[in-house]
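Notes for the one structure printed next.
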Amino acid sequence: MAIAKVNEAISTSRSPTGIRAGDIGRKYGIYLFLLAAILLTTAVSPAFLSPANVSNMLMQLAPLAIVVIGQTFVILVRGLDLSVASVMATAAVIATSFNGQNSDALLILLACVAMGCATGLANGILVTKRNVSPFLATLATMIVLQGLRFAATQGAPSGNVPPLYRSLGSETLSGVPYNLLVMAVLAIFFAILLHRAAFGRRVYITGGNPITARLVGISADRVTILCYMICGVMAAVAGLLLSGFVGVVDNFVGRGFELDSIVAAVMGGVALSGGRGTIPGALAGAAILVVLSNAVVMVGMPVQLQIIVKGIVIIVAASLYVRAVR
């Protein structure tokens with residue numbers, strides 16, 4: 001009798017095809033939410049899915065998505081990075097510090113990658129070797145970078161972004177933004193690194209339980225530092241692309257990306273407690289933020305209501321995901 005009751009309970013928790021009811025919500029909930037947001041906005045404003053508006057949204061998505069990729073690595077090892085926006089702004093300032101010619105493009109890229117790598121290294125060392133909380137460590141590097149920018153530019157950066165970066169940040173290929181193509185290449189590479197390579201397994205083990213990681217021979221500190229370095233490099237690349245999209249560079253390019261990237265990753269299923277989450281899910285979270293920002297504009301909401309609606313939808317999306325994975 002007891003066995004029969006157990007079997008009955010199991011059968012009622014599954015759909016007719018044998019799939020547990022919670023599996024769909026856990027695996028595809030964030031994507032279904034994104035699809036619902038797109039369909040609902042299209043029903044209210046048919047112009048939402050016009051080619052020009054879709055291209056514009058994809059162009060806005062790329063820099064945020066690149067930052068979210070890096071932020072995902074950091075959150076997976078139980079951290080967070082508040083310095084990403086400052087890294088982006090510093091990269092944008094570096095991009096305008098040369099002659100503004102394509103001949104400087106490679107040198108600019110190397111300088112920005114080095115800056116992002118050094119920032120991530122500093123964050124990782126503070127967190128792992130000095131036991132500084134990720135919040136305080138990355139807040140400190142954010143302030144340091146901001147001070148260095150103001151000291152170098154005297155508060156008024158000048159110069160031109162090379163045409164190559166202007167093209168990558170603001171032009172399209174048959175309607176597909178160049179920066180989206182860059183994002184896609186980076187997303188594929190880091191998704192393979194995280195979900196198919198040995199380093200990715202070390203990241204999940206480190207985030208899931210650092211003590212266990214050490215017991216099985218994984219250098220948790222090294223893995224954490226590398227994750228922060230990846231995040232810094234991604235923020236620097238995103239800053240270059242965003243500088244090309246904006247066209248006008250100031251000391252606050254990327255403002256707000258530090259919080260948006262964390263929200264997008266968490267909303268996409270990356271656990272703040274570490275050890276759980278995927279890059280596709282985090283990118284879906286970033287897409288939801290971009291869709292919401294565009295949707296409230298398309299339907300003509302006042303700015304105050306735009307912020308309120310965006311916050312409410314984020315809360316609903318995050319709570320639905322958390323409920324699905326329980």
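The values are calculated or read from the model by the stated rules, or taken from the named source; none is laboratory data. Since the structure is predicted, the reported quantities are computational estimates derived from the model, not experimental observations. Positions of Cβ are backbone-derived with ideal geometry, glycine not excepted, and every protein chain shown enters the neighbour counts.
A few points about this structure:
- A Cβ distance below 8 Å, combined with a sequence gap of six or more or placement on separate chains, defines the contacts here; from region 259-276, residues that are part of a loop (DSSP other than H, G, I, E, B) reach residues that are polar (S, T, N, Q) in the pairs 268/278; 269/278; 270/72; 270/278; 274/206; 275/206; 275/209.
- Against the test of being in contact with a helix residue (DSSP H, G or I) (Cβ under 6 Å, 6 or more places away or on another chain), more than 30 Å from residue 221 (Cβ to Cβ), touching a residue at least 40 places away in the same chain (Cβ under 8 Å) and outside any helix (DSSP H, G or I), the options 98, 48 yield a single qualifying residue, 98.
- Each residue in region 110-125 was checked for being under 24 Å from residue 76 (Cα atoms) and touching a Leu at 6+ places or on another chain (Cβ under 8 Å), and 2 of them qualify.
- Scanning region 156-179 for residues that are under 19 Å from residue 91 (Cβ atoms) and either out of contact with any helix residue (DSSP H, G or I) (no Cβ under 9 Å at 6 or more places or on another chain) or in a helix (DSSP H, G or I) (or both) yields 156, 158, 163, 164, 165, 166, 167, 168, 169, 170, 178, 179.
Yes or no, residue by residue, for (1) of a type in the set (Asp, Glu); (2) in a helix (DSSP H, G or I); (3) in contact with a helix residue (DSSP H, G or I) (Cβ under 7 Å, 6 or more places away or on another chain):
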| site | (1), (2), (3) |
| --- | --- |
| 68 | no, yes, yes |
| 94 | no, yes, yes |
| 118 | no, yes, no |
| 130 | no, no, no |
| 140 | no, yes, no |
| 144 | no, yes, no |
| 150 | no, yes, no |
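- With respect to the stated conditions, residue 79 fails to be buried (at least 24 other Cβ atoms within 10 Å of the Cβ), touching a residue at least 24 places away in the same chain (Cβ under 8 Å), assigned to a helix (DSSP H, G or I) and not acidic (Asp, Glu).
- The residues listed here are 302, 280; of these, the one that is of a type outside the set (D, E, K, R) and at pLDDT 90 or above is 280.
- Members of region 197-247 that are hydroxyl-bearing (Ser, Thr, Tyr), crowded, with 24+ Cβ neighbours inside 10 Å and out of contact with any Ser or Thr (no Cβ under 8 Å at 6 or more places or on another chain): 228
- Exclusive hit being closer than 30 Å to residue 220 by Cβ and among the β-branched types (Val, Ile, Thr), set 93, 144: 144
- Comparison of 120, 116 shows that the only residue that is touching a residue at least 24 places away in the same chain (Cβ under 8 Å), within 23 Å of residue 205 (Cα to Cα) and either among the β-branched types (Val, Ile, Thr) or surrounded by 14 or more Cβ atoms within 10 Å (Cβ to Cβ) (or both) is 120.
- When each of 168, 194, 215 is tested for being at pLDDT 90 or above and under 18 Å from the mean Cα position of the chain (by Cα), the lone residue that passes is 194.
- Taken over region 42-80, the criterion of being more than 20 Å from residue 286 (Cβ to Cβ) and of a type in the set (S, T, N, Q) is satisfied by 45, 50.
- Any chance residue 254 is surrounded by 20 or more Cβ atoms within 10 Å (Cβ to Cβ) and either touching a Ser or Thr at 6+ places or on another chain (Cβ under 9 Å) or over 14 Å from residue 88 (Cα atoms) (or both): yes
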